[in-house]
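First comes the structure, then the notes that go with it.
The values are calculated or read from the model by the stated rules, or taken from the named source; none is laboratory data. Here the structure is a predicted model, which is why all the values come from computation and not from measurement. In this analysis, Cβ positions are derived from the backbone assuming ideal geometry, glycine residues included, and neighbour counts consider all displayed protein chains.
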Amino acid sequence: MNYEEMRMCFAMFAMLKMTWRRGEEAEDAHDCWYIAEEMIKAQPFDHDGGIAAIKKRPYKRKTDVS
């Protein structure tokens, strides 16, 4: 997930938890983006590229032992 996708995802989650005020939607939306930026800053980036790669195991055909 790149930076912009992560930022949009965090803003979406912030938006879901907001208490929206009638007539102040622009300020509330700005607050969502601010929260998203703070969430990105707080996230540790010591991982190596996201979800660990899943390695395929060699397929071993079961032999019929009957």
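For the stretch 17-36, the criterion of being surrounded by fewer than 10 Cβ atoms within 10 Å (Cβ to Cβ), at pLDDT below 85 and under 18 Å from the mean Cα position of the chain (by Cα) is satisfied by at least one residue. Scanning for something within 13 Å of the chain's Cα centre (by Cα), modelled with pLDDT of 70 or more and surrounded by 10 or more Cβ atoms within 10 Å (Cβ to Cβ), does the stretch 41-58 turn up at least one residue? Looking through the stretch 41-58, at least one residue is within 13 Å of the chain's Cα centre (by Cα), modelled with pLDDT of 70 or more and surrounded by 10 or more Cβ atoms within 10 Å (Cβ to Cβ).
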